[in-house]
Amino acid sequence: MNYRFSIAIIGGGVLGLAVAYTFLSRGFKDIVLLEKNNGFGLEQSGSNSGVIHAGFLYETGTLMAKLCVEGTELLYAFCEKNGVPHKQTGKLMVATNEEQEKELQKYVKLAENNGLQDVSIISGKEVKKLEPCLEVKSALHIPQSGIFDSSTYVSTLYKKAAAMHDTPDMLMKSCEVVRIEPKQDRFTLHAEQSRGDKQNWHLDCEILINAAGLYSWDIAKMISLKLPYEKQYLRGEYYQFNRRDNLFINMNVYPVPILVILPDGGHFLDLGAHLTPKVGPDERGKTLVAKEILIGPIFTEVHNPEDFRSTIDQSVFYQSVGPFLPSLKEEYLYKGHTGIIGLIKDQTDFIILRDESYPNCIHLLGMESPALTASLAIGKFVANTIS
Ligand SMILES: Cc1cc2nc3c(=O)[nH]c(=O)nc-3n(C[C@H](O)[C@H](O)[C@H](O)COP(=O)(O)OP(=O)(O)OC[C@H]3O[C@@H](n4cnc5c(N)ncnc54)[C@H](O)[C@@H]3O)c2cc1C
């Protein structure tokens with residue numbers, strides 16, 4: 001089948017959908033979105049921590065800092081308006097020794113520079129008032145942070161986008177882009193449908209948005225042979241436990257992050273295994289902190305984006321949070337989910353770039369955390385870049 005569109009988006013994760021939603025909200029309706037899976041948001045967007053990050057961790061002036069701070073506000077407003085379960089719980093970054101206490105100072109300054117107010121260091125005693133089960137020396141308190149149901153968010157974004165589209169079927173599932181022919185001022189996308197009558201599609205578009213997540217580097221390579229980046233995958237594993245009378249937390253609890261240097265010289269900021277309560281409605285539909293609490297993710301480098309094997313022993317999860325959560329016992333832990341994240345080697349910012357040879361194509365590369373939080377701001381950023 002042959003079709004022509006103004007805008008084509010590859011990828012129906014949270015970012016492809018946020019871009020589609022933004023364009024459609026602005027009245028651009030001549031859009032097609034192609035998603036290879038039989039559902040939207042089933043890869044990174046469906047296997048994360050569900051944390052609404054505040055934006056205090058990222059270097060001032062980076063896209064990550066700016067879009068996260070803006071995205072947090074947009075995300076709370078979207079969730080509130082559209083009934084997506086969420087809660088502004090706040091976050092604690094906890095220090096258990098003097099060295100870590102010194103580190104906290106750096107993040108107060110960073111938060112201030114990134115435009116966040118009321119981020120402060122609180123004593124171990126004050127921590128106890130907020131979270132009675134924690135034993136720490138002191139902590140950074142970030143009131144803007146929260147938790148939300150990312151799967152409901154993705155499905156709501158899809159429904160809102162589809163409702164604005166004249167032909168909602170053009171937000172297509174089970175349709176994989178397998179080849180791209182860039183031309184002077186257009187692109188032809190060749191896509192294979194994996195369900196129904198399994199037809200092949202040949203779609204022409206003027207503007208192409210590559211939001212293919214773990215595969216965005218491969219899509220970029222179909223267009224541009226001179227890509228100056230190298231891809232990298234990290235597998236994040238989780239364990240979880242259920243709240244009990246003497247064992248609960250109500251907010252996000254993180255250790256002080258560590259800069260990890262990889263054997264090949266690459267690096268990334270490891271946030272460390274953190275505690276994230278899940279969010280869920282009670283029997284009256286009111287959103288509250290659910291009984292399940294996640295520990296993780298703990299990351300390992302993998303070379304295949306579908307390598308979901310579990311390799312980290314539960315004792316590692318227990319030991320990483322045990323020092324500040326003494327009432328936790330190892331036997332309370334049970335296996336949680338696993339998610340793979342796509343990075344660009346040695347980059348510590350989002351990479352949203354126009355293709356060097358074909359400027360009507362925008363690549364979203366290495367859209368790691370906090371891209372879920374920042375998704376609506378990223379949607380606006382991409383739409384503004386094009387319009
Ligand atoms: C373990 C983990 C924890 C995280 N925790 C958080 C968190 O707490 N807070 C936060 O803000 N962020 C978090 N993130 C990051 C966040 O989940 C991602 O940044 C975000 O989901 C990226 O969205 P995306 O749309 O770019 O990618 P994806 O969700 O991966 O979507 C890309 C889509 O493109 C499709 N696609 C790929 N190739 C093709 C093709 N050839 N044709 C058609 N479709 C194609 C894929 O099927 C996929 O659905 C976490 C990520 C992980 C893995």
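Count, please, the residues in the stretch 98-121 that happen to be without any contact (Cβ under 8 Å) to a residue 40 or more places away in the chain and either of a type in the set (S, T, N, Q) or in contact with a Lys or Arg (Cβ under 9 Å, 6 or more places away or on another chain) (or both). Please lay out each step first, then the result.
Initial filter on the stretch 98-121 (without any contact (Cβ under 8 Å) to a residue 40 or more places away in the chain): 98-99, 101-102, 105-106, 108-109, 112, 117-118, 120-121.
If we keep only those that are either of a type in the set (S, T, N, Q) or in contact with a Lys or Arg (Cβ under 9 Å, 6 or more places away or on another chain) (or both) too, we end up with 98, 101, 105, 117, 120.
Of the residues in the stretch 98-121, 5 are without any contact (Cβ under 8 Å) to a residue 40 or more places away in the chain and either of a type in the set (S, T, N, Q) or in contact with a Lys or Arg (Cβ under 9 Å, 6 or more places away or on another chain) (or both).
When you check Leu208 against the structure, is it within 14 Å of the ligand (Cβ to nearest atom), in contact with a Gly (Cβ under 6 Å, 6 or more places away or on another chain) and either of a type outside the set (A, V, I, L, M) or not in a loop (DSSP other than H, G, I, E, B) (or both), yes or no?
When the stated conditions are applied, Leu208 does not pass them.
Pick from the stretch 32-44 the residues that are in a strand (DSSP E or B) and in contact with a helix residue (DSSP H, G or I) (Cβ under 6 Å, 6 or more places away or on another chain): which of them is surrounded by the fewest Cβ atoms within 10 Å (Cβ to Cβ)?
So, considering only residues that are in a strand (DSSP E or B) and in contact with a helix residue (DSSP H, G or I) (Cβ under 6 Å, 6 or more places away or on another chain), the one surrounded by the fewest Cβ atoms within 10 Å (Cβ to Cβ) is Val32.
Would you confirm whether or not the stretch 31-51 contains a residue that is more than 15 Å from the chain's Cα centre (by Cα), within 10 Å of the ligand (Cβ to nearest atom) and of a type in the set (A, V, I, L, M, F, W, C)?
yes
For the stretch 239-280, what are the residues that are β-branched (Val, Ile, Thr), in a loop (DSSP other than H, G, I, E, B) and touching a Lys or Arg at 6+ places or on another chain (Cβ under 9 Å)?
Of everything in the stretch 239-280, just one residue is β-branched (Val, Ile, Thr), in a loop (DSSP other than H, G, I, E, B) and touching a Lys or Arg at 6+ places or on another chain (Cβ under 9 Å), namely Ile249.
Restricting to the stretch 188-209, give me the number of residues that are more than 11 Å from Ser174 (Cβ to Cβ) and out of contact with any strand residue (DSSP E or B) (no Cβ under 9 Å at 6 or more places or on another chain).
1
All but one of (1) under 19 Å from Val51 (Cβ atoms); (2) out of contact with any strand residue (DSSP E or B) (no Cβ under 7 Å at 6 or more places or on another chain); (3) not assigned by TED's automatic domain parsing to the domain that holds Phe187 hold for Ala371, so report the exception by its number.
(3)
Residue by residue through the stretch 355-368, note down the ones that are closer than 30 Å to Asp264 by Cα and touching a strand residue (DSSP E or B) at 6+ places or on another chain (Cβ under 6 Å).
Across the stretch 355-368, the qualifying residues are Asp355, Ile362, His363, Leu364, Leu365, Gly366, Glu368.
So, of the residues in the stretch 332-387 that are over 14 Å from the mean Cα position of the chain (by Cα) and of a type in the set (Phe, Trp, Tyr), which turns out to be surrounded by the fewest Cβ atoms within 10 Å (Cβ to Cβ)?
Per the criteria, the residue is Tyr334.
Could you say whether any residue in the stretch 191-210 is buried (at least 19 other Cβ atoms within 10 Å of the Cβ) and of a type in the set (S, T, N, Q)?
Within the stretch 191-210, one or more residues are buried (at least 19 other Cβ atoms within 10 Å of the Cβ) and of a type in the set (S, T, N, Q).
Can you tell me which residues in the stretch 375-387 are within 9 Å of the ligand (Cβ to nearest atom) and either among the small types (Gly, Ala, Ser) or touching an Asp or Glu at 6+ places or on another chain (Cβ under 6 Å) (or both)? Let's see the steps before the verdict.
Pass one, the stretch 375-387, residues within 9 Å of the ligand (Cβ to nearest atom): 375, 378.
Correct list: Ser375 only.
When you look at Thr188, is it modelled with pLDDT of 95 or more, of a type outside the set (A, V, I, L, M, F, W, C) and either in contact with a helix residue (DSSP H, G or I) (Cβ under 8 Å, 6 or more places away or on another chain) or not in a strand (DSSP E or B) (or both), yes or no?
Values: modelled with pLDDT of 95 or more: yes; of a type outside the set (A, V, I, L, M, F, W, C): yes; either in contact with a helix residue (DSSP H, G or I) (Cβ under 8 Å, 6 or more places away or on another chain) or not in a strand (DSSP E or B) (or both): no.
No, not satisfied.
Of the residues Arg354, Arg309, only one is basic (Lys, Arg) and in the same structural domain as Cys133 (by TED's automatic domain parsing); which?
Arg309
Can you tell me how many residues within the stretch 8-30 are more than 13 Å from the ligand (Cβ to nearest atom) and either part of a loop (DSSP other than H, G, I, E, B) or more than 30 Å from Glu112 (Cα to Cα) (or both)?
Initially, the stretch 8-30 is screened for residues more than 13 Å from the ligand (Cβ to nearest atom), giving 22-30.
So of that shortlist, the ones also either part of a loop (DSSP other than H, G, I, E, B) or more than 30 Å from Glu112 (Cα to Cα) (or both) come out as 23-30.
Total meeting the criteria: 8.
Pick from Leu333, Leu325, Leu353, Leu372: which is of a type in the set (A, V, I, L, M), within 16 Å of the ligand (Cβ to nearest atom) and either at pLDDT 95 or above or within 30 Å of Asn246 (Cα to Cα) (or both)? Explain how you work it out, then say what you get.
Numbers: Leu333 fails: within 16 Å of the ligand (Cβ to nearest atom); Leu325 fails: within 16 Å of the ligand (Cβ to nearest atom); Leu353 fails: either at pLDDT 95 or above or within 30 Å of Asn246 (Cα to Cα) (or both).
Answer to the selection: Leu372.
Could you check, for the stretch 294-313, whether at least one of its residues is near the ligand (Cβ under 10 Å from one of its atoms) and among the hydroxyl-bearing types (Ser, Thr, Tyr)?
No, there is no match, as no residue in the stretch 294-313 is near the ligand (Cβ under 10 Å from one of its atoms) and among the hydroxyl-bearing types (Ser, Thr, Tyr).
The values are calculated or read from the model by the stated rules, or taken from the named source; none is laboratory data. Just so it is clear, the structure is predicted and the values come from calculations on it, not from any experiment. Glycine also receives a Cβ, built like all others from the backbone with ideal geometry; neighbour counts cover every protein chain displayed.
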